[in-house]
1. Among residues belonging to the stretch 160-172 that are touching a residue at least 12 places away in the same chain (Cβ under 8 Å) and under 12 Å from Leu107 (Cα atoms), point out the one that is surrounded by the most Cβ atoms within 10 Å (Cβ to Cβ).
2. Out of the residues in the stretch 51-84 that are exposed (fewer than 12 other Cβ atoms within 10 Å of the Cβ) and in a strand (DSSP E or B), state the one that is modelled with the lowest pLDDT.
3. Please state which one of Leu97, Leu87, Leu48 is outside any helix (DSSP H, G or I) and either touching a Pro at 6+ places or on another chain (Cβ under 9 Å) or buried (at least 18 other Cβ atoms within 10 Å of the Cβ) (or both).
4. Go through Lys83, Lys88 for me and flag whichever is within 30 Å of Leu146 (Cβ to Cβ) and within 20 Å of the chain's Cα centre (by Cα).
5. Could you say whether any residue in the stretch 84-95 is without any contact (Cβ under 8 Å) to a residue 60 or more places away in the chain and not acidic (Asp, Glu)?
6. Does the stretch 136-159 include one or more residues that are surrounded by fewer than 17 Cβ atoms within 10 Å (Cβ to Cβ), assigned to a loop (DSSP other than H, G, I, E, B) and polar (S, T, N, Q)?
7. Test each condition in (1) touching a residue at least 40 places away in the same chain (Cβ under 8 Å); (2) surrounded by fewer than 17 Cβ atoms within 10 Å (Cβ to Cβ) for Thr129 and report the one that comes out false.
8. For a quick check of your reading of the model, give me the residue pairs whose first member lies in the stretch 66-80 and is in contact (Cβ under 8 Å) with a residue 24 or more places away in the chain, whose second is assigned to a helix (DSSP H, G or I), with beta-carbon atoms closer than 9 Å and at least 6 apart or on different chains.
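The values are calculated or read from the model by the stated rules, or taken from the named source; none is laboratory data. Here the structure is a predicted model, which is why all the values come from computation and not from measurement. When we count neighbours, we look across all protein chains shown, and the Cβ atoms used for this are built from the backbone with ideal geometry, even at glycine.
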Amino acid sequence: MSEKRFYTVGKLVNTHGLRGEVKVISTSDFPDERFRKGSQLYLFHPSLDEPLALKVATRRVHKDFEIISFQGYPHINDVESFKGGELKIPEEDLMELEEDEFYIHQLIGCEVVTDEGEELGEIVDVLQTGANDVWVVKGKRGEVLLPYIDDCIKQVDIANKRVVCHLMEGLL
């Protein structure tokens, strides 16, 4: 039997107040869905042998944080030990994406070739810059940073784990 796969949607960075609320830095493109009341999340923490299932009781946004509380954890003492943990969802809870949209985990491991046929290597990371993502490719030329823009990324074939790019001037 294959093990269930989970994907991170937030990092639990601190408690907030005395009523069991926690500060979460969202890593999800769908925070309204992920942290809505009644949402099922799983806490992964070094102190836990297995993930802890949590249901969102309340959610609000404060500054750049999601402030959430969990059903059955009404006090700061209940959630203090959650600090430093990651909130994740199981693979079956991933949202359906539009055509030409991808999850980062789908890009990792994709082979990258130029539109001239040169093999650059494989995508090892995606940097989220706020403007446009930057794909980190490692291969024969070392590390190459490719901006996810139309002028650079020409074709993405997730099914075959292959990306075709155009090396714009100044990328190497």
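1. Of the residues in the stretch 160-172, the ones touching a residue at least 12 places away in the same chain (Cβ under 8 Å) are 161-168, 171-172.
Now narrow it down to the ones that are under 12 Å from Leu107 (Cα atoms): 161-163.
Values: Lys161: 15, Arg162: 14, Val163: 23.
Going through the qualifying residues, I end up with Val163.
2. His62
3. Values: Leu97 fails: either touching a Pro at 6+ places or on another chain (Cβ under 9 Å) or buried (at least 18 other Cβ atoms within 10 Å of the Cβ) (or both); Leu48 fails: either touching a Pro at 6+ places or on another chain (Cβ under 9 Å) or buried (at least 18 other Cβ atoms within 10 Å of the Cβ) (or both).
Testing whether each residue is outside any helix (DSSP H, G or I) and either touching a Pro at 6+ places or on another chain (Cβ under 9 Å) or buried (at least 18 other Cβ atoms within 10 Å of the Cβ) (or both) leaves just Leu87.
4. Working: Lys83 fails: within 30 Å of Leu146 (Cβ to Cβ).
Residue meeting the stated conditions: Lys88.
5. We begin by selecting, within the stretch 84-95, every residue without any contact (Cβ under 8 Å) to a residue 60 or more places away in the chain; these are 92-93.
Still in the running and not acidic (Asp, Glu): none.
Among the residues of the stretch 84-95, not one is without any contact (Cβ under 8 Å) to a residue 60 or more places away in the chain and not acidic (Asp, Glu), which makes the answer no.
6. Checked the stretch 136-159: no residue is surrounded by fewer than 17 Cβ atoms within 10 Å (Cβ to Cβ), assigned to a loop (DSSP other than H, G, I, E, B) and polar (S, T, N, Q).
7. (1)
8. Between residues of the stretch 66-80 that are in contact (Cβ under 8 Å) with a residue 24 or more places away in the chain and residues that are assigned to a helix (DSSP H, G or I), the close pairs are Glu66/Pro31; Glu66/Arg34; Ser69/Val79; Phe70/Asp78; Phe70/Val79; Phe70/Phe82; Tyr73/Val79; Tyr73/Phe82.
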